[in-house]
Each structure stands twice: as structure tokens, then as C-alpha cells.
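Quick notes on the structure that follows.
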Amino acid sequence: MSASAWWKRTTERFHAASSGTGRANSADALGRRLRRKFILVAMGAVTVVLTLIIAGINVVNYSHVCKMADARLDYILAGKDGIDWEDEPKTDPGQDAVAGKVATGNRAAVRAGHFEGMTAESPFDTRYFTVSIAGGRVTDVNTARIAAVGTKRAARIAAGLYSKGWTSGFSGNYRYTVTVQGDETTYVFVDCSRELASFHSFLSASVAISCIGWLAVLAIVAGASGAVIRPMVESYSKQKRFITDASHEIKTPLAVIDAANEVQEIESGESEWTQSIHEQVARLTALTERLVFLARMDEGSAGFTMTSIDLSEAVDKAAAPFESVAVSRGKRLSTSIASGVRAHADAAAVAQVVELLLDNATRYASEGSVIELSLRAVSRGQGKGVAELAVSNAVDELPEGDLDRLFDRFYRADVSRSSKTGGSGVGLSVVRAIAEAHGGSASVCGHGNQITFTVRL
């Protein structure tokens, strides 16, 4: 084996090994990104579900506390209308329970059936106090059925609620309501400290258990995410590897075909057939290069050199050749490029964006129409801003549906026309990929028969 052949083979092996390592690193990075997204989405869903469950349970629990307190208030108000709470007759222990209740007229047992949740014992474990107010002044305070609140405090609480016009709700641990007789307003407060303490304990316990459950689910999802994501990563890596490898394999026969076509032209002269072969070879070569570029963008290895560039100059230089291209295709190019626009970008990538947008416009613009290219700086305040590049042209008919699909790979709104004009449906995908790699965006909008592609850097 000669030295040159040995060196060539060694170089090829080195590049293959480097490519394999790069693909492995890219696959690992992709796997990590997908795992993070999977975990975030899964845990976001778990968080929403747990929050709804805990909120629902505790809202129902709180509603039950309020309902029971209101039932006791109704019970008290019923007592104020003729039921004596201080004198509840009791059944003799030796007496038959039912007969005794009927015989002694146990009103508590009878009344319990009319107030949900109330039992015969409710009158004896209900703590309450009342305050009557007439003409804005406290006229009567009854704290005989409660020990935790004195007369002055009871009057102060009721007077504060009266001044605010509040007639029901909670004041601390006390649920209250009002009854009005003539010009006298009576506030009735029932002690709910036990029920509220129980509610708060349940709330704390449910939140704590939910947090523990959330952490447990996080551990399970994090552990299982690798197995879930692995088939997707492998499939995606194989797809990108196929595009890259196939593109590289296509380049060699294309070069051979082009060379053979040139030989044929030398021997037999140029003809429409040899010219067509040149055009198709150039089209396939451009397509393979764009596919390789997109594959590298997906892998994060496009290799952009970001520097501060004069964007106005770069755009003007890239657009200049398309004035004659537009004329040859029956259109006219009009440019409006603001001077002094600078951006942190890759000059070659920016030129590629301009070329792809103008190539797309000159192919698909209406016959005899004007293609407008503009560049301007849009300020966002505090010395920050974006460079906005727009290409607008008239079309015979706007594509139906979502125009954003034009940025999808191989999407073509009019396949028959694309085949005539030589479009491949990849150029706009490259435009969006470059814009997003520069921290910007690419969008499209249509009004009437006018379509506008906008790139922001």
C-alpha cells in the first residue's frame, strides 16, 4: 500500500470515528432534552391533578364545616323563637328511650329531624353568644352559653361587624348570622373552633401527603423516563443518520453524472438534454446540502461563527444578484434597506436566509409583480432591539389553511407548480432553522393576495 493510500484510509477512518462520536454525543444530548421535557410534562400533569384533587376535597370539607355551623345557627334562631335552650328535659336512664322521649316531650329529639346534622346532643355541646344592636348601640349581650368570650369582647366584635354592614360569615373561629326585628339587629355567633381546627389539620395533612406523593411520582417518572425515551431517541438518531449518510452518498454519483455530462457536451455539443441534466444535478446537489445542513442544525453542530456584522451591507450584498434573477423570471425586485443596522450573527447564514427568501419569492410571485425586500431595526427599549427582515410579494392564490406549514420540510402548497419552478420544499425550513439558531424567529402572514415572510434576529 502506498503512503498516499494509507494516509487517505487513515483520514477516512478518523473522520468516521469523529462523526460517530459526534452522533453519539448528539444522541445523548437529545436524550437528555427529551427526558427533561418528558419529566416536566408528566410532573406538570401530576401537579395539576393533585392540586385539583386536594383543592376539591378541602373545598368540600370547608363547605361542610360552614353547612354544619349554619345548621347550628338556624337551630339557635329557632330556639330564640320559642324553644328554651336552657331547659332541655332528659330521659330517665331506667325508662324506655323512645317512650321516655315522647313522655317527657324531649324537644331536642324532635327538633333534630328538622336541622341537618343535628342530634339530640347538639344543644349541649353548642357554644354560642348573641349581641343585640339598636340605633347603632349595643343594647343586649348574652354570653351565658360560652366561656371563651366576655361581654365586652362580644360587644366589640358585633359592633365592628355592624359598622361594616356584614351579616354572615366568619369572625375568627365564630360563624355568625343576623336576625332583624323592628329596629333591633341581633348577631348570633356560634363557636366553630373544633371544626376549623379539624379542617386545618386535614388541610395540612392532605398537602403534606400530596407533596410526598408528588416526590414519589417524580422518582418513578425520572427512573422510567430513560426507558420511555430511548426508543424515540434511537429512532430520531437513525433518521438523522440516514439523512446525513444518504446525502453524502448521493453527492458522489451526482458529481460523476455532472462530469460525464460535461464530457458529453465536449464530444457532442451542448443540447437541451445536457442542459436539463445540469439543472437537475444542481437541484439535487442543493437539496442534499440543505438536508445535511438541517441534520447538523438538529444535532446542534451547524458551526455558526457569531460576530457583530453590518447587517445592512450583508443583506444588500446577498440581494444584489436577484435583481437580474427576478427580471429573468418576469418579476421586479424592490429593496428598502435601512443603513447602519447591526446584528450579532453569522454573515454566511444571513446571506443564505436572504438568498432562500428571494429565490422562493422569484419562483412563486405572480407574473409581472414586484417583490419587496426590507430591512429595519425595531427598538425594544433600554438600548435593545431586533433586526427585522421582510420579503413580500403578490401570489396568484394564497395557500389554504395554516400558512405556518410553509416552513415544514418538504411541504409545498402547489405541487404541480413547484415541480415546474424547481422547488423542493426545504428552503423555508432552513430559513426558520437559521433564525431560531440566532435566537430569533421566522413567520409568515398573508393579506388578500399578498404574502410576507418575516425574519427577526
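The values are calculated or read from the model by the stated rules, or taken from the named source; none is laboratory data. In this text, all values refer to a predicted model and were calculated from it rather than measured experimentally. Note that each Cβ is placed from the backbone with ideal geometry, even for glycine, and that neighbours are counted across all protein chains shown. Protein only, heavy atoms only, side chains kept; ligands, DNA and RNA dropped before computing areas. Shrake-Rupley method; radii C 1.70, N 1.55, O 1.52, S 1.80 Å.
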Check your understanding: Which condition number in (1) more than 19 Å from Ser429 (Cα to Cα); (2) open to solvent by less than 70 Å² (accessible area, probe 1.4 Å); (3) modelled with pLDDT under 90 is the one that Asp310 fails?
Key -> (3)
Check your understanding: Just a yes or no: is a residue in region 24-42 more than 25 Å from Val221 (Cβ to Cβ), modelled with pLDDT of 90 or more and either open to solvent by less than 80 Å² (accessible area, probe 1.4 Å) or among the charged types (D, E, K, R) (or both)?
Key -> no
Study note, to complete from the structure: By residue number, the members of region 307-330 that are hydroxyl-bearing (Ser, Thr, Tyr) and part of a helix (DSSP H, G or I) are Ser312, Ser324, Ser328
Review point. From Ser366, Ser324, Ser339, which residue is at pLDDT 90 or above and within 21 Å of Leu406 (Cβ to Cβ)?
Key: Ser366
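Condition first: open to solvent by 30 Å² or more (accessible area, probe 1.4 Å) and outside any helix (DSSP H, G or I). Now tell me which residues in region 178-203 satisfy that. Even if it seems obvious, please write down each step before you answer.
Taking region 178-203 and keeping what is open to solvent by 30 Å² or more (accessible area, probe 1.4 Å), we get 178-184, 191, 193-195, 197-198, 200-203.
Hits for region 178-203 are Val178, Thr179, Val180, Gln181, Gly182, Asp183, Glu184, Asp191.
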Exercise for review: Output the residue which, of all residues in region 225-283 that are at pLDDT 75 or above, in contact with an Asp or Glu (Cβ under 9 Å, 6 or more places away or on another chain) and of a type in the set (Ser, Thr, Tyr), is nearest to Val41 (Cα to Cα).
Suggested key: Thr274
Exercise for review: Residue by residue through region 337-349, note down the ones that are open to solvent by less than 10 Å² (accessible area, probe 1.4 Å) and either without any contact (Cβ under 8 Å) to a residue 12 or more places away in the chain or part of a helix (DSSP H, G or I) (or both).
Suggested key: Ala349
Study note, to complete from the structure: Those residues of region 361-375 that are surrounded by 17 or more Cβ atoms within 10 Å (Cβ to Cβ), out of contact with any Phe, Trp or Tyr (no Cβ under 7 Å at 6 or more places or on another chain) and not in a strand (DSSP E or B) come to a total of 5
Study note, to complete from the structure: Note on Glu267: of the conditions (1) farther than 26 Å from Ala55 by Cα; (2) open to solvent by less than 90 Å² (accessible area, probe 1.4 Å), unmet is (2)
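Under 13 Å from Tyr187 (Cβ atoms), open to solvent by less than 30 Å² (accessible area, probe 1.4 Å) and either part of a helix (DSSP H, G or I) or at pLDDT 60 or above (or both) - does that describe any residue in region 81-104? Before the answer, list the steps.
Step one: list which residues in region 81-104 are under 13 Å from Tyr187 (Cβ atoms), which gives none.
Within region 81-104, not a single residue is under 13 Å from Tyr187 (Cβ atoms), open to solvent by less than 30 Å² (accessible area, probe 1.4 Å) and either part of a helix (DSSP H, G or I) or at pLDDT 60 or above (or both).
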Review point. Do you know which residues across region 322-336 are under 42 Å from the mean Cα position of the chain (by Cα) and exposed (fewer than 15 other Cβ atoms within 10 Å of the Cβ)?
Key: Ser334, Ser336
Point to revise | Output for region 146-160, where each listed residue is farther than 15 Å from Arg175 by Cα and open to solvent by 30 Å² or more (accessible area, probe 1.4 Å) | key: Ala147, Gly150, Thr151, Lys152, Arg153, Arg156, Ala159
Review point. Do any strands (runs of 3 or more DSSP E) entirely within region 383-457 hold 2 or more residues that are at pLDDT below 85 and more than 24 Å from the chain's Cα centre (by Cα), and if so, which?
Key: 384-394
Revision key, fill the gap. Of the listed residues (Val190, Val178, Val233, Val141), the one being closer than 19 Å to Leu77 by Cα and in contact with a Leu (Cβ under 6 Å, 6 or more places away or on another chain) is Val190
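In region 362-377, what residues are of a type in the set (Val, Ile, Thr) and in contact with a helix residue (DSSP H, G or I) (Cβ under 8 Å, 6 or more places away or on another chain)? Break it down into steps so the answer makes sense when it comes.
At the first step, the residues of region 362-377 found to be of a type in the set (Val, Ile, Thr) are 362, 370-371.
Listed by number, the residues that qualify are Thr362, Ile371.
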